[in-house]
Amino acid sequence: MHPFSILTLGIFVAGYITARWDLVTRLYELAIFAWDHGVVTRATKGFAVLSILFFLLILPVERIAVRETDLHPRIGGGGISAREQLKRRGSF
């Protein structure tokens, strides 16, 4: 390789390693900051509250919907298709 290319490649690699190391140290500092300020605890509480709301509100509605569709199933072959309806009206 040309000496200039080797130097350019070396500078690029050094910059890349420095940037990655900086990101790792910042992530570590952010994790410590989050732990010190109770972010993990608040996130856990929020997850628990949302889970409880899901189990109390969404799941019963889903069970009611399943029961209703079992009680009143749609007849698949009883009706005519939309295409057939349009043909009969002359719109197709």
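Taking the stated definitions as given, is GLY46 in a helix (DSSP H, G or I) and modelled with pLDDT of 95 or more? Give the steps one after another, and end with the answer.
Working: in a helix (DSSP H, G or I): yes; modelled with pLDDT of 95 or more: yes.
The answer is yes for GLY46.
Checking ARG74, ARG83, ARG26 one by one, the residue that is surrounded by 10 or more Cβ atoms within 10 Å (Cβ to Cβ) and of a type in the set (Lys, Arg) is ARG26 and no other.
The values are calculated or read from the model by the stated rules, or taken from the named source; none is laboratory data. In this text, all values refer to a predicted model and were calculated from it rather than measured experimentally. Cβ coordinates were reconstructed from backbone atoms using ideal geometry, including for glycine residues, and neighbour counts include every protein chain displayed.
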